[in-house]
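Before any comments, here is the structure.
The values are calculated or read from the model by the stated rules, or taken from the named source; none is laboratory data. All values derive from a computational prediction rather than experimental measurement. Neighbour counts are summed over all protein chains in view; Cβ atoms, including those assigned to glycine, are modelled from backbone coordinates with ideal geometry. Just the protein is used for accessible areas: all its heavy atoms, side chains included, with ligands, DNA and RNA removed. Shrake-Rupley method; radii C 1.70, N 1.55, O 1.52, S 1.80 Å.
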Amino acid sequence: MKEKVISIKGVSFQYPDQEAFALRNVSFDVYKGEWLAIVGHNGSGKSTLAKMLNGLHYPSEGTVSIGGYALIEENVWLIREKLGMVFQNPDNQFVGTTVQDDVAFGLENNGVEHSAMQERVFASLEKVGMTAFLNQEPHHLSGGQKQRVAIAGVIALRPDIVLLDEATSMLDPLGREEVINTVRELNENEGLTVISITHDLEEASRADRVIVLNEGMLYTEGTPERIFQLDRELLNLGLGVPFAVQMSQLLTDAGLQLSRRHFNEEELVKDLWTLNFEK
Amino acid sequence: MDIKLREVEYSYAAGTPFERQAIMDVTFTIPSGQYVAIIGHTGSGKSTVLQHLNALLRPLKGEIEIGSRTIAAGRKGKKLKDVRRRVGIVFQFPEHQLFDETVEKDICFGPMNFGVSEEEAKKRTREAIGLVGLPEEVLGKSPFDLSGGQMRRVAIAGVLAMKPDVLVLDEPTAGLDPRGRQDIMNMFATLQKKNGLTCVLVTHSMEDAARYADKIIIMHKGQVYRTGAPRDIFSDADSLTNVGLDIPETVRFQRMFESHLGHPLDKVCLTPEELAAEVSRLRGEMT
Ligand SMILES: Nc1ncnc2c1ncn2[C@@H]1O[C@H](COP(=O)(O)OP(=O)(O)OP(=O)(O)O)[C@@H](O)[C@H]1O
Ligand SMILES: Nc1ncnc2c1ncn2[C@@H]1O[C@H](COP(=O)(O)OP(=O)(O)OP(=O)(O)O)[C@@H](O)[C@H]1O
Ligand SMILES: [Mg+2]
Ligand SMILES: [Mg+2]
C-alpha cells in the first residue's frame, strides 16, 4: 500500500471580491516518494493550490491534510516544516539581505544549531552552484541565479515534501538539467516527495504521475504516457505534447512508416530506421 | 533603425565596495527589421545588455547608437523619451513592469505617456489584450490579482500598445503555458515579418532561437562569445556545451538518426517540420 502524504478532498476556493472560483471541487492524494507533476493553462489554479498547501490560503469548501495534519491555522508551522515551497516569483520568497543569510533564515526558524547550520547553508548553495555569491543581495541577482538560491533555501530545510512552482523556468538548459537532477537524487535516494508545477512538457513527461488542471478543476490524472496520448485535446487545455510525440506525428504526416506514436526519442528513432531505411 | 553597441562595459554599484562587473567589451549590431536572439547561461549578462538597448542603463565605457542617437559613457543623455517610445522592453519579471490599479490603466499608461489620446490608447489596449490571448474581462482587474502567466501577458500587451519599432523581449515565454508560448512567439514573428519590427529576444529555449532568429548572439561571462546564423551556431554542439548551452531537441534527434545512417544529412535542421521533410526526401532518394 502506498503511503499518503497529502490528501485533498472536495476543495474549492474563491479569492475575496472575485466572482469566479479559482479552485472547484478538487480531490486527489499525493503519495510518499513520488514525483508528481501538475500542469494546466495560465490561470487554471496551480499556484492557488500550491499556496494552499503552504498554508497561505484555506479552502472555502473541502478539506486538506498534509503529513497527517489538517490544514488549519494552528497547524501551519508544523505543515511548513513538512512541506517546503519554492514560489513562482523568487523575489516573493527572499527575506535575508545576503544570499547566505537568506538560506540560513529558514534553518534558524527551525531551530537548527549554529555550527550545523553553516555547513548546511554552504552544502545547499553548492548543490545549486551559487557559492560564489554568498554575500550578494538576493534581489540583485540575475533571474536564473534567484531561482537557484530559492531552491537552495528549500533543500537546506530538508523537508519531507517539496513543492516547486515553476521553479526552473528561467534556467539555461544545462542549469535546469542540473537542478532537476539534484532534486531527483533526493527523490530517489532519500524518499523526498516532489510536487512540480511546470509548463515544461519534457520535465512533466519524466514524472511518475501527472495531474491536469483546467479552469480550477481537476481535468484528468495519470502516467505521462497516458496523459500525452490525449494529443489534440491537450491543445484545447492550453497544453501541448513533448518533442517525441510531435516528431512522430510530423514524420507520419510526411509519409514515413511508424508502428505507433512514440513517447521516447530512442524508440522513435529505432522504429523510424527499421521500418523505413533498413533493408 | 539599427542599434549598435561598441565596447560597452557596465558594473552594478560602481564605485562602491559592492561593485560587480556585469558586462565588458560588448560589441554587436542589431540590424533594422531583423530577429536577433541572445542566448547564454544564467548570469552571463543578457538582461544587463538588454537594458542598454533603450538607455535604462548607461554604459560605464563604450557607446550605444540607437538610430540617430548616441548614448556614450560619461555624457548626460537628454530627451530619452523618443528612444523609450521606439524601443519597448518586456522585462524578465512582469511584476517589475506592472504598477497601475487596473489592467486597462496599466496598458494605457505607456501610449498616453507618449502623447496618444485616451480614446486611441483604449483602442490599442483592446487590440493588444487580444493579441496576447486574454479576455476583455481582465481589463477591470488589478494586475496583481492575476496568475503569473496572466501577468506576463499583460506586461507584453503593455509594450505592444506602445507600437514600438524595436521589440526587446527578456525571456517573454517564462511562465506561459505551452499553447500560449507557441501562439505568442508566432505573433512576435508575424509582427517582425509583416510590420517590419526589429525583434531582440533573450531566451533559454534553444528551440525558439533556432526557429525564429535570423542571427544569434551567445553571451558568456559578460562578453560576446560568438555570433552567427542559427544553422552555424547549432552545427557546433561542443562550443554550446562549453558555455552551458545545448543544441535544440530537433538537432539532437537529427544526430541520433544520423548515427543509424552512418553519415550526416546535408544540413542541420532547425525545426521538427524541416527535419521531417528532410528525412522523407532521403527515403525517397534511397528507394
Ligand atoms: N490574488 C488574487 N486575487 C484574485 N484573483 C486571483 C489572485 N491570484 C490569482 N487569481 C485568479 O485565480 C485564478 C487562478 O490563478 P493561479 O495563480 O492559481 O493560476 P496558475 O494556474 O498558477 O496560472 P499560471 O500558469 O499563469 O501561473 C486566475 O484566474 C487568477 O486570475
Ligand atoms: N542589480 C544588480 N546588482 C548587482 N549585481 C547584479 C544586479 N543585477 C545583475 N547582477 C549581476 O550581474 C551579472 C549579470 O546579470 P544579468 O541579470 O545580466 O544576467 P542574465 O544573463 O540576464 O542571467 P539570467 O539568465 O539568469 O537572467 C550576474 O552575475 C548578476 O549577479
Ligand atoms: Mg502560477
Ligand atoms: Mg536575465
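What the table below lists for this structure:
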quantity	calculated
Selected residue [more than 11 Å from chain B (Cβ to nearest Cβ), assigned to a helix (DSSP H, G or I), closer than 30 Å to A:GLY67 by Cβ and not β-branched (Val, Ile, Thr)] from A:GLU221, A:GLU225	A:GLU225
Subset of region B:234-276 [small (Gly, Ala, Ser) and either open to solvent by less than 60 Å² (accessible area, probe 1.4 Å) or under 23 Å from the mean Cα position of the chain (by Cα) (or both)]	B:SER235, B:ALA237, B:SER239, B:GLY244, B:ALA276
Subset of region B:90-123 [buried (at least 16 other Cβ atoms within 10 Å of the Cβ), in contact with a Pro (Cβ under 8 Å, 6 or more places away or on another chain) and more than 14 Å from chain A (Cβ to nearest Cβ)]	B:ASP106, B:ALA121
Residue match in region A:186-196 (condition: outside any helix (DSSP H, G or I) and open to solvent by 30 Å² or more (accessible area, probe 1.4 Å))	no
Matching entry among B:ARG181, B:ARG226 (being buried (at least 20 other Cβ atoms within 10 Å of the Cβ), among the basic types (Lys, Arg) and assigned by TED's automatic domain parsing to the domain that holds B:GLN150)	B:ARG181
Within region A:86-110, tally of residues that are more than 14 Å from every other protein chain (Cβ to nearest Cβ), open to solvent by less than 30 Å² (accessible area, probe 1.4 Å) and of a type in the set (A, V, I, L, M)	3
Total residues in region A:6-44, condition aromatic (Phe, Trp, Tyr), open to solvent by 20 Å² or more (accessible area, probe 1.4 Å) and assigned to a strand (DSSP E or B)	1
Residue in region B:222-232 that is within 14 Å of chain A (Cβ to nearest Cβ), touching a strand residue (DSSP E or B) at 6+ places or on another chain (Cβ under 9 Å) and of a type in the set (Phe, Trp, Tyr) present	yes
Members of region B:142-176 that are assigned to a helix (DSSP H, G or I), in contact (Cβ under 8 Å) with a residue 24 or more places away in the chain and away from ligand 4 (no atom under 16 Å from the Cβ)	B:PRO143, B:PHE144, B:GLY148, B:GLY149, B:MET151, B:ARG153, B:VAL154, B:ILE156, B:ALA157, B:GLY158, B:VAL159, B:LEU160
Evaluation of A:ILE151 against (1) more than 21 Å from B:GLU249 (Cβ to Cβ); (2) not in a helix (DSSP H, G or I) (one fails), failing number	(2)
Residues that are assigned to a loop (DSSP other than H, G, I, E, B) and in contact with a Phe, Trp or Tyr (Cβ under 9 Å, 6 or more places away or on another chain), drawn from region A:63-93	A:LEU71, A:ILE72, A:ASN89, A:GLN93
Positions within region A:228-278 being of a type in the set (Lys, Arg) and more than 9 Å from chain B (Cβ to nearest Cβ), in sequence order	A:ARG232, A:ARG260, A:ARG261
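Condition check ((1) within 11 Å of chain A (Cβ to nearest Cβ); (2) part of a loop (DSSP other than H, G, I, E, B); (3) in contact with a helix residue (DSSP H, G or I) (Cβ under 9 Å, 6 or more places away or on another chain)) across all residues:
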position: B:ALA210; (1), (2), (3): no, no, yes
position: B:MET219; (1), (2), (3): yes, no, yes
position: B:ILE247; (1), (2), (3): yes, yes, yes
position: B:ARG252; (1), (2), (3): yes, no, yes
position: B:SER259; (1), (2), (3): yes, no, yes
position: B:GLU273; (1), (2), (3): yes, no, yes
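Each row is one residue, and each column tells you yes or no for (1) surrounded by 20 or more Cβ atoms within 10 Å (Cβ to Cβ); (2) touching a residue at least 24 places away in the same chain (Cβ under 8 Å); (3) within 12 Å of another protein chain (Cβ to nearest Cβ).
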position	(1), (2), (3)
A:ILE161	yes, yes, no
A:LEU171	yes, yes, yes
A:GLU178	no, yes, yes
A:ASP200	no, yes, yes
A:ALA204	yes, yes, yes
